[in-house]
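Novice: Structure incoming, see below.
The values are calculated or read from the model by the stated rules, or taken from the named source; none is laboratory data. Here the structure is a predicted model, which is why all the values come from computation and not from measurement. Cβ: placed from backbone, ideal geometry, glycine included. Neighbour counts: every protein chain shown.
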Amino acid sequence: MGVINRMATAIAGSALAALVLMTIAAVIARYVFDAPFHWTEEVSGLLMIWIVMIGAIVTERDDQHLTIPVLVDVLPPRVQAAVSLVVTGLSVAILGYGAWLGWLLAKAAESKLTGVLQFSWFWIDLAYPVGSVGIVLFLLAKMLRDLRTLLRGDH
C-alpha cells in the first residue's frame, strides 16, 4: 500500500505543478508575446479533472474528507464502528456504481475527439472511474478496520 500511497500523491502533485506552469506560460505567451497557446484550455481541463479525482483518493487515504461526526463521537467505539461500517458500505456501493457508469461513459466517448489537440475524450472521462475505484480501495481497508473493531472491540 506504501507504493500506492506515494504514487497517488506524486501524480496529483505533478499534475498540479504542470497545470500551474502551463497556466503561467500561457499567460506570458498571450499577454507578453501576443501569441496565445490554443491548446491550454483542453490540457487544463484534462489536468483539472485528474487533479480532483486523484486528490480525492489522497483525501480518502488521509481520512480528510469533510465529516460532521458530532452524534457519532458520543457513541461507544463498537457502535461507532457499526455506523461507520454501514456508511462506508453505502459509499462503496454508490462509488462502485458510479465508477461503472463512468467507465461506460468513457468507452462511449472513445471516438469523440477534442477540438484542438484531437485527443480522445476517453482520457478525460476515465478520471472519474479511476478516482472512484481508488477511493473504494481505501474505503474497503477502512471497512476491515471497522469490522475488526466491531468484532473484537479493538480500537
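Novice: Of the residues Arg61, Arg6, which is within 23 Å of the chain's Cα centre (by Cα) and either at pLDDT 90 or above or surrounded by 16 or more Cβ atoms within 10 Å (Cβ to Cβ) (or both)?
Specialist: Arg61 is the lone residue from the list that is within 23 Å of the chain's Cα centre (by Cα) and either at pLDDT 90 or above or surrounded by 16 or more Cβ atoms within 10 Å (Cβ to Cβ) (or both).
Novice: Let me ask something else. Residue check: is Leu113 without any contact (Cβ under 8 Å) to a residue 40 or more places away in the chain, surrounded by 12 or more Cβ atoms within 10 Å (Cβ to Cβ) and farther than 23 Å from Arg6 by Cα?
Specialist: For Leu113, the condition - without any contact (Cβ under 8 Å) to a residue 40 or more places away in the chain, surrounded by 12 or more Cβ atoms within 10 Å (Cβ to Cβ) and farther than 23 Å from Arg6 by Cα - is met.
Novice: Output the number of the condition that Arg78 fails; it satisfies all remaining conditions of (1) in contact (Cβ under 8 Å) with a residue 40 or more places away in the chain; (2) of a type in the set (D, E, K, R); (3) surrounded by fewer than 12 Cβ atoms within 10 Å (Cβ to Cβ).
Specialist: Condition not satisfied by Arg78: (3).
Novice: A follow-up question, please. Among the residues of region 81-98 satisfying the criterion of being under 17 Å from Ala141 (Cβ atoms) and without any contact (Cβ under 8 Å) to a residue 40 or more places away in the chain, which is surrounded by the most Cβ atoms within 10 Å (Cβ to Cβ)?
Specialist: Val87
Novice: Can you pull out the residues in region 11-28 that are crowded, with 16+ Cβ neighbours inside 10 Å and without any contact (Cβ under 8 Å) to a residue 24 or more places away in the chain?
Specialist: Ala26
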